[in-house]
Amino acid sequence: MVQMAYLLGIFTQLAFYKISEMPLGPPPPPVSLIVCAHNEFENLSELLPLLHAQDYPVFELIVVNDRSTDQTRKLTEQAEHRQVRFIHVEQTYDHVTPKKYALTTAIRQSKHQIILLTDADCRPASPHWIAQMVAQLTPGKDIVLGFSPYYQMSGFLNRLIRFETFYGAVQYFSLALWGKPYMGVGRNLLYRKEIFLKNKGFYTHLRTMGGDDDLLMNEIANSHNTNVCLHPDSFVYSIPKTNWTAWFRQKKRHLSVSKHYKRSHKWRLAFLSGSHVLFWLFFGIAAVASLSVLPQQPVYLTFILATFVFRLLVQWLVLGLANRKLGAILGWYAIPFFDFVLFVYYLVMSVVVWRNRKKTIQWR
């Protein structure tokens, strides 16, 4: 019943969402586009030309060089990047994590009142990325949540990363459309400078490693001020981790931040993941029991299988429709298999989070 409530009551918000085109109207407002980078010379060399090529009337491009020891400074000497405003951060401070300090510095020094964020290892899907994101900043809205899928590569790890990212997006987009936004992804996120300053930036979690995107959204996003952008031209693709150790470290960092969410948000996510785990556990236990303890009563096994198949088909349909809204980044046939993989993932990561609850999480 809990799973059906999420699938039919919440996830259908995304599955049946109607993607709108950019409205015709007055010239859009100027934008400050900010990229934080730590030893990202190669990625910046690929990303900056794509950002220069954005089809948008007025925007400034700010790159925060956060204590880089590679050749990032050489980009400032290249003629094609003369229009980029580089901010060089040379040291860290005990009262704030490095990325939050770099972002705060850039936002405070930005010229325009609309802030659009991405990372150095990201690539916008089209020259209309900025325009599509700003188009959703309608009157009364202060925040636009964008989608940032990972590039498709070979191997099981890449499939897992793409499914986990997709399922996470289904959750935060659906809940935002339902009127309960709780997070955003800093690889593709837009908000007004005013709301950032009014919230005193990252003040309540300055020393928390990570959370420059989801914890900020958890504090300031609500049903009135938040919109989503799901047009394919607004997607920003990201380069995924290619080995299990790096991905595992990244997931531990992300999960360590979620404990700082508002209590209501944590309960919603806990009900979703908990019901997912219990559904698979109870199905396995009930199926074995009906075969070994009650073989003379096939009706029990029939009921168990019917319940399992019904939930699976509903999930397959809803997530399949949501997958189409998010650019069909997965093969629809993979959804049932990765539903089981997600069950195993929840079990493993819950143990990891519990064991590492007092350890310090490293950023870079």
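No lab work stands behind these numbers, since they all come straight from the coordinates. Quick caveat, the model's predicted, so the values are computed rather than measured. We place every Cβ from the backbone using ideal geometry, glycine too, and count neighbours over all the protein chains shown.
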- [ ] Evaluate the charge dipole of the chain about its Cα centre and quote only its size in Debye, nearest 20, assuming +1 on the Cβ of each Lys and Arg and -1 on the Cβ of each Asp and Glu.
- [x] 1180
- [ ] With r as the distance between the Cβ atoms of T69 and L157 and R0 = 30 Å, compute the FRET efficiency 1/(1 + (r/R0)^6) and round to 0.05.
- [x] 0.60
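If you average the sequence gap of Cα pairs under 8 Å that are 6 or more apart and divide by the length of the stretch 28-133, what percent do you get for the contact order? Present the calculation step by step, with values, prior to reporting the outcome.
On the way: 173 pairs, mean separation 46.6, N = 106.
With pairs under 8 Å counted, the relative contact order is 44 percent.
Rounded to the nearest 500, what is the 222 nm mean residue ellipticity of the chain from helices alone, with -39500 (n - 2.57) per DSSP H run of 4+ residues and division by all residues?
Numbers: 11 runs with 164 residues, N = 364.
When only DSSP H runs of four or more count, the value is -14500 deg cm²/dmol.
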- [ ] Can you tell me the relative contact order of the stretch 121-268? Whole percent, Cα pairs under 8 Å, sequence separation 6 or more.
- [x] 40
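Show me the GluC sites (Glu not before Pro) within the stretch 1-105 that DSSP assigns to loop and that have at most 11 other Cβ atoms within 10 Å of their Cβ. Before the final figure, lay out the partial values.
Working: sites: E21, E40, E42, E46, E60, E77, E80, E90; in loops: E21, E40, E90.
Counting only loop positions with at most 11 other Cβ atoms within 10 Å, the GluC sites (Glu not before Pro) in the stretch 1-105 are E21, E90.
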Task: Rounded to 5, percent antiparallel among DSSP beta bridges of the chain - done: 35
Task: Zone of L197's modelled label, taken as backbone nitrogen in the stretch 105-147 under 20 Å from a point 7 Å along Cα→Cβ - done: 105-117, 140-144
- [ ] Using label points projected 7 Å from each Cα along Cα→Cβ, tell me how many nm separate L255 and W267, to one decimal.
- [x] 2.4
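By how many nm would the segment from H52 to L8 lengthen if fully extended, with 0.36 nm per residue of separation less the alpha-carbon distance? Walk me through the intermediate numbers first.
On the way: separation 44, 0.36 × 44 = 15.84 nm, distance 4.20 nm.
Stretched out fully, the H52 to L8 stretch lengthens by 11.6 nm.
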Task: Radius of gyration and maximum dimension Dmax of the stretch 183-222, Cα, Å - done: 9.4, 24
Task: Directionally averaged shadow of the chain, computed from the convex hull of its alpha-carbon atoms, nm² - done: 19.4
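To the nearest 0.05, how large is the calculated FRET efficiency for V288 and E60 if R₀ is 45 Å and r is the Cβ-Cβ distance? Don't skip to the end; give the middle numbers.
On the way: r = 62 Å, r/R0 = 1.38.
FRET efficiency, V288 to E60: 0.15.
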Open item on the list: If I take R0 = 22 Å and measure r between the Cβ atoms of S223 and V309 in this structure, what FRET efficiency does the formula 1/(1 + (r/R0)^6) give, to the nearest 0.05?
Closed with: 0.05
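Helices from the chain with mean Kyte-Doolittle at least 0.5 and a Cα length along the axis of 15 Å or more, per DSSP H: which?
Working: long enough: 41-52 (16 Å, 0.47); 98-109 (17 Å, -0.68); 156-177 (31 Å, 0.67); 244-258 (21 Å, -1.00); 263-292 (42 Å, 0.81); 298-325 (41 Å, 1.23); 335-355 (29 Å, 1.74).
The qualifying helices are 156-177, 263-292, 298-325, 335-355.
Tell me whether the stretch 3-52 comes out rounded, prolate or oblate; compute the Cα gyration tensor, take square roots of the eigenvalues as a ≥ b ≥ c, and use a/c under 1.5 as the rounded threshold.
Numbers: a/c = 3.66, a/b = 1.58, b/c = 2.32.
Since a/c reaches 1.5 but b/c is at least a/b, the shape of the stretch 3-52 is classed as oblate.
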Open item on the list: If I model a spin label at K141 and F41 as a point 7 Å from the Cα along the Cα→Cβ vector, what separation in nanometres do I get?
Closed with: 4.0
Open item on the list: Relative contact order of the chain, please, whole-number percent, based on alpha carbon pairs below 8 angstrom and at least 6 residues apart.
Closed with: 21
